[in-house]
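**Q** Can you read through this structure? Questions will come right after.
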Amino acid sequence: MEFRFNHYGTYLKKTFGGRVFRITVDGGFTCPNRDGTVGVGGCIYCNNDAFSAGITAPHLPVADQVRLALEEKRGKKRYRGARFLVYFQKYTNTYAPPDVLEKLYESALVGEEIVGIVVGTRPDCIDGEIARVLKKLSEKTHVSVELGLQTTSDEVLKRINRGHTFEDYLKASDLLAREGVEFGVHLIYGLPGDTRENFLKGADEVSRTGASLVKLNHIHVVRDTELERAWRRGEFSPPSFEEYLEAVCDFLERLSPSVVVARLISTTPPELLLAPRWEVGSARFVTMVNEELERRGTRQGALFEEEGKAVF
């Protein structure tokens, strides 16, 4: 299939010369939005058990988690000859002193098959020292930071108890860009009180601030969250499938063609997911987005403007 957007799998093959998969590990972090540093209770939609899938042995040191995952994958035909990125996903993976972070990240690089790390974090947990640690490591291996922005609206960020502002994202993205550290952005469609316009503005800001990657998610109502309680009270309803599909295509048309699209749809373990239940997997949704862009006769970047001129 010829993708009409900058497809992540294609990017990985070009970057590393072959198939690359992720190994998700638990770095033992917590979150400043849970321990009282910037807030208590966390984001209203967040249940971190939803981000634990695929972690082999969270109680072990990171190096051992990686080794065990590699042993398991070496025995499967699908992974033969593949290489791997170690993904620090759960909670806030820059929420520790810089010297601790440096040792932890380096401990993940345990074999030739490991070609780099991916660090998921919050915009308010990046400072100059941490950016320099990431820069230093990027001189040895591939490093990518994923910033959980979620929305460009400060009003919505406050409403979902996110605990940071859009300005925090601008500061973090500037720090990483100045150090030459690759970074991506997570955005969520359908947050309580958010608008389609804010979501589409995210495409402009991702492009403008130099992000190399974006992950799009639709809001999930997950068990044991404040959002679940609002949903059960009838105070919140997630958007429809058709609305989300259309919004994603609108977003891609406004997004710089240089930005890699790493995700188009959320995934949550079915035992935790309450709504929406679309029964459409990631691969099928990618195909549907591609088909819709083809139907429109358009592609990623069709409406992106650089120096006042559309690039497509």
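The values are calculated or read from the model by the stated rules, or taken from the named source; none is laboratory data. Note that the coordinates shown come from a computational prediction; the quantities given were computed from them, not determined experimentally. In this analysis, Cβ positions are derived from the backbone assuming ideal geometry, glycine residues included, and neighbour counts consider all displayed protein chains. With ligands, DNA and RNA removed, areas are computed over all heavy atoms of the protein, side chains included. Shrake-Rupley method; radii C 1.70, N 1.55, O 1.52, S 1.80 Å.
**Q** I'm told residue 168 meets every condition in (1) open to solvent by 20 Å² or more (accessible area, probe 1.4 Å); (2) over 21 Å from residue 43 (Cβ atoms) except one. Can you identify the failing condition by its number?
**A** Answer for residue 168: the failing condition is (2).
**Q** Output the residues belonging to region 139-161 that are part of a helix (DSSP H, G or I) and more than 19 Å from the chain's Cα centre (by Cα).
**A** Quick first cut of region 139-161, residues part of a helix (DSSP H, G or I) only: 154-159.
The answer is 154, 155, 158, 159.
**Q** I've got another one for you. Given the options 274, 245, 252, name the one that is under 20 Å from the mean Cα position of the chain (by Cα), surrounded by 16 or more Cβ atoms within 10 Å (Cβ to Cβ), farther than 13 Å from residue 5 by Cα and not acidic (Asp, Glu). Explain how you work it out, then say what you get.
**A** Values: 274 fails: under 20 Å from the mean Cα position of the chain (by Cα); 252 fails: farther than 13 Å from residue 5 by Cα.
Residue meeting the stated conditions: 245.
**Q** For a quick check of your reading of the model, give me the residue pairs whose first member lies in region 292-312 and is farther than 22 Å from residue 241 by Cβ, whose second is at pLDDT 80 or above and open to solvent by 100 Å² or more (accessible area, probe 1.4 Å), with beta-carbon atoms closer than 7 Å and at least 6 apart or on different chains.
**A** 310/303
**Q** Of everything in region 42-69, what is assigned to a loop (DSSP other than H, G, I, E, B), modelled with pLDDT of 85 or more and either out of contact with any helix residue (DSSP H, G or I) (no Cβ under 9 Å at 6 or more places or on another chain) or under 20 Å from residue 94 (Cα atoms) (or both)? Give them in sequence order.
**A** In the first step, residues of region 42-69 are kept if they are assigned to a loop (DSSP other than H, G, I, E, B); the result is 42-47, 52-61.
Next, only the ones that are modelled with pLDDT of 85 or more stay: 42-47, 57-61.
42, 43, 46, 47, 58, 59, 60, 61, listed by residue number.
**Q** Follow-up. Which condition number does residue 173 fail, the rest of (1) within 30 Å of residue 252 (Cα to Cα); (2) open to solvent by 10 Å² or more (accessible area, probe 1.4 Å); (3) part of a helix (DSSP H, G or I) being met?
**A** All conditions are met except number (2).
**Q** Any chance you could count how many residues in region 190-201 are open to solvent by less than 50 Å² (accessible area, probe 1.4 Å) and either in a helix (DSSP H, G or I) or in contact (Cβ under 8 Å) with a residue 60 or more places away in the chain (or both)?
**A** Total meeting the criteria: 5.
**Q** Further, regarding this structure: Within region 202-226, track down each residue that is open to solvent by 40 Å² or more (accessible area, probe 1.4 Å) and touching a Lys or Arg at 6+ places or on another chain (Cβ under 9 Å). Break it down into steps so the answer makes sense when it comes.
**A** Narrowing region 202-226 to residues open to solvent by 40 Å² or more (accessible area, probe 1.4 Å): 204, 208, 210, 223-224, 226.
204 - this is the single residue of region 202-226 that is open to solvent by 40 Å² or more (accessible area, probe 1.4 Å) and touching a Lys or Arg at 6+ places or on another chain (Cβ under 9 Å).
**Q** Okay, next question. Can you report the number of residues in region 39-77 which are open to solvent by 80 Å² or more (accessible area, probe 1.4 Å) and over 20 Å from residue 106 (Cβ atoms)?
**A** 8
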